[in-house]
Amino acid sequence: MNKTHIPKKRPTLEEAQQMVGGYVEMVVNRPDLQLLVDEDGLSKDLDVNHEASFIANQRIVGSVVILKDKAMWD
């Protein structure tokens, strides 16, 4: 099942990997928002994440991490 995580504090790489279920890839990096996904999500044949796909304006699969404000990576 896809999950959308919106942490209040900046996650470590390891925490982000645990949330997405694999290696992390940043697919959206805007001044107000970052979107992290499992970089192998397509090869794992994960289900489409409609919420994340709408945000990214591209097809996103699997669980995602949305970072905002102080939770964003530098």
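A short reminder: the numbers here are calculations on the coordinates, not readings from a lab. Bear in mind that the values here come from a model prediction, so they are computed numbers and not experimental data. Using ideal geometry, Cβ is built from the backbone for each residue, glycine included, and neighbour counts are taken over all protein chains shown.
Details
- Residue list for segment 45-57, restricted to those being in a loop (DSSP other than H, G, I, E, B) and either touching a Pro at 6+ places or on another chain (Cβ under 6 Å) or farther than 10 Å from Gly22 by Cβ (or both): Asp45, Asp47, Asn49, Asn57
- Of the residues making up segment 45-54, those that are buried (at least 18 other Cβ atoms within 10 Å of the Cβ) and under 12 Å from the mean Cα position of the chain (by Cα) number 2.
- Of the residues Val28, Val48, the single one that is of a type in the set (A, V, I, L, M) and in contact with a helix residue (DSSP H, G or I) (Cβ under 9 Å, 6 or more places away or on another chain) is Val28.
- Breaking point among (1) exposed (fewer than 15 other Cβ atoms within 10 Å of the Cβ); (2) in contact with a strand residue (DSSP E or B) (Cβ under 8 Å, 6 or more places away or on another chain); (3) touching a residue at least 24 places away in the same chain (Cβ under 8 Å); (4) not basic (Lys, Arg), for Asp32: (2)
Residues are listed down the side, and each one gets a yes or a no for (1) surrounded by 13 or more Cβ atoms within 10 Å (Cβ to Cβ); (2) in a loop (DSSP other than H, G, I, E, B); (3) of a type in the set (Val, Ile, Thr):
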| site | (1), (2), (3) |
| --- | --- |
| Gln18 | yes, no, no |
| Leu36 | yes, no, no |
| Ser43 | no, yes, no |
| Arg59 | no, yes, no |
| Ile66 | yes, no, yes |
| Trp73 | yes, yes, no |
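- Note on segment 29-48: residues that are touching a Ser or Thr at 6+ places or on another chain (Cβ under 9 Å) and among the acidic types (Asp, Glu) total 1.
- Residue identified as out of contact with any Ser or Thr (no Cβ under 7 Å at 6 or more places or on another chain) and either in a strand (DSSP E or B) or basic (Lys, Arg) (or both) among Met26, Met1: Met26
- Scanning segment 52-64 for residues that are touching a Ser or Thr at 6+ places or on another chain (Cβ under 8 Å) and under 19 Å from Lys8 (Cα atoms) returns Ala52, Ser63, Val64.
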